[in-house]
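**Q** Questions regarding the structure given below will be posed in turn.
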Amino acid sequence: MLKNTDLEIGDVTISVPPHPDLGMLDDDAMELYEDLLVELESYDRKPDTVIPEQVLENGATMPATVIEGETIRPYRKDGVRVKPAYSIRVAKIALGEEGYAKLQAAGGGAADVWRVWGTQGLEIRKRQEWDPKSVGGSVDLEAVPAADSE
């Protein structure tokens with residue numbers, strides 16, 4: 001089970017929760033994070049890719065498809081870069097304003113929080129590979145005997 005990870009910067013220790021995508025923030029922080037995700041939908045994007053209707057060799061028709069353009073990075077809204085940066089905003093939400101200020105006063109920043117999240121992500125991936133119950137885990141299945149009833 002994931003839990004908060006202590007991040008030591010100098011003589012200061014900051015408790016970093018798991019990444020907000022895992023839904024383990026307190027209710028207020030989760031509301032702020034989801035508001036940020038909704039805001040992200042309004043950021044500037046690259047142009048959409050239009051794939052025209054196609055007729056296959058067997059005569060079947062594939063309808064035209066539009067693939068929405070990716071969000072432009074660094075994030076912008078109406079051509080103006082979003083400040084503070086998205087990564088800083090996510091770290092502030094996760095730690096809270098007070099926790100983030102403490103991190104900065106100790107000489108740290110959002111990159112330190114994202115490093116913790118990267119390490120946690122690797123731990124999750126290793127656990128999934130190791131755990132046979134996880135999708136993609138190695139499983140040694142024995143043959144199942146036939147049923148006794150007819």
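**Q** Please tell me if Asp44 is surrounded by 14 or more Cβ atoms within 10 Å (Cβ to Cβ) and touching a strand residue (DSSP E or B) at 6+ places or on another chain (Cβ under 6 Å).
**A** Values: surrounded by 14 or more Cβ atoms within 10 Å (Cβ to Cβ): yes; touching a strand residue (DSSP E or B) at 6+ places or on another chain (Cβ under 6 Å): yes.
Criteria met by Asp44.
**Q** Being surrounded by 10 or more Cβ atoms within 10 Å (Cβ to Cβ) and either in the same structural domain as Met24 (by TED's automatic domain parsing) or modelled with pLDDT of 95 or more (or both): is that true of Trp117 here?
**A** Considered against the rule, which asks whether it is surrounded by 10 or more Cβ atoms within 10 Å (Cβ to Cβ) and either in the same structural domain as Met24 (by TED's automatic domain parsing) or modelled with pLDDT of 95 or more (or both), Trp117 comes out as yes.
**Q** Can you spot a residue in region 67-80 that is hydroxyl-bearing (Ser, Thr, Tyr) and at pLDDT 95 or above?
**A** Taking every residue of region 67-80 in turn, at least one turns out to be hydroxyl-bearing (Ser, Thr, Tyr) and at pLDDT 95 or above.
**Q** Checking Pro18 against (1) surrounded by fewer than 10 Cβ atoms within 10 Å (Cβ to Cβ); (2) not in a helix (DSSP H, G or I): exactly one of these is not met. Which one?
**A** All conditions pass for Pro18, except number (1).
The values are calculated or read from the model by the stated rules, or taken from the named source; none is laboratory data. Because the structure is predicted, anything quoted here is derived from the model rather than measured. Here Cβ is always computed from backbone atoms with ideal geometry, including for glycine, and neighbour counts include all displayed protein chains.
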